[in-house]
Amino acid sequence: VKTMKFLKKQLELASTLNRKSKVLLQIFIDIFLSFSCFLVAFLLGRVSLNLILEPIIFLGMITSIVSGMVAFASFGLYRSLVRFITGNIFIIITKSVLIGSSILTSFIVMSNVNVPLTIPFIYTLLLFLSIGGTRFVVRRLFQNSYQIVKKSALIYGAGQAGRELQNLLFYNRQIQPVAFMDDNLNIQGMTIGG
């Protein structure tokens, strides 16, 4: 409970920042997460952390992190508002993480240092989970912070128009869609968008 209160307070402070400062904060957190994932990948792979100091591995780590950050920016990760992100953000994160980890793999393959190729795989998995996970945690905290009692709504028609209405109402502060009603027997009893 104390942790949640602390996180909400930090989120409130961060939400008062201007857009440029918020983006810089995201970049700083992503760099920190990337570096941490690199270290944890070595620990989980049971490889000595001393190998990070090998010039080719250190250069590979830095190049991988920088290229990942450039890919995040190029694919639009820092243009999206965290409180409104959707599952599509995972596509951007996946492409960017794969670019960074393939560069890391190249450096490991080119080096004569005994580093198993499982390290880039572990790094990729950890980075994907941490970058994506932090954004969805922050989004959830935003949703909980601003959550008010909404009126429940039933949407008639589960076709394209009904799903578009559901998406529109997702961020509405007064109405919460709770169910679809449709005369199509093939989709009755199914779940659409939660």
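The values are calculated or read from the model by the stated rules, or taken from the named source; none is laboratory data. Keep in mind that this is a model prediction, so the values were computed, not measured. Cβ atoms come from the backbone with ideal geometry, glycine included; neighbour counts cover every protein chain shown. Accessible surface areas use protein heavy atoms only, side chains included; no ligands, DNA or RNA. Shrake-Rupley method; radii C 1.70, N 1.55, O 1.52, S 1.80 Å.
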Using alpha carbons only, how many degrees (0 to 90, rounded to 10) separate the axis of helix 118-145 from the longest principal axis of the chain? 30
Heavy atoms of the protein only, probe of 1.4 Å, neighbouring chains included. What is the accessible area of Thr118 in Å², nearest 10? 70
Tell me, what is the 1.4 Å probe accessible area of Val109, in Å² to the nearest 10? 100
Given labels modelled 7 Å from the Cα in the Cβ direction, how far is it in nm from Phe35 to Gln174? 4.9
Apply the Karplus curve 6.51 cos²θ - 1.76 cosθ + 1.60, θ = phi - 60°, to the phi angles in region 102-114 and return the couplings in whole Hz, x for Gly and Pro. 5, 5, 4, 4, 4, 5, 5, 5, 6, 7, 9, 7, 7
Considering amide H positions built from the backbone, and no H for Pro or chain starts, which residues 5 or more places from Ile175, or on another chain, come under 5 Å of its amide H? Lys151
Report, to two decimal places, the Cα Rg of region 65-107 normalised by 2.2 N^0.38 Å (N = number of residues). 1.19
Could you tell me how many degrees, from 0 to 90 and to the nearest 10, lie between the Cα long axis of helix 55-74 and the main elongation axis, the longest principal axis, of the Cα atoms of the chain? 20
If you rank Arg135, Arg79 by how much accessible surface each has, with a 1.4 Å probe, what is the order from largest down? Arg79, Arg135
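For the chain, what does the accessible surface come to per residue with a 1.4 Å probe? Please give it in Å².
Per-residue value: 64 Å².
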What distance in nm separates the simple spin-label points at Lys2 and Phe58, each placed 7 Å from Cα in the Cβ direction? 3.9
Could you give the spread of the C-alpha atoms of region 92-138 along their three principal axes, from largest to smallest, in whole angstroms? 41, 16, 10
Heavy-atom accessible area with a 1.4 angstrom probe orders Ile103, Ile89, most exposed first, as Ile103, Ile89
Sulfur and carbon atoms: percent of accessible area, the chain [1.4 Å]: 66
Taking a probe of 1.4 angstrom, what is the accessible area of Arg19 in Å², to the nearest 10? 90
Compute the distribution of all C-alpha to C-alpha distances in the chain, in bins of 5 Å from 0, and list the percent of pairs in each, rounded to whole numbers. 1, 7, 13, 15, 13, 12, 11, 10, 7, 5, 3, 2, 1, 0
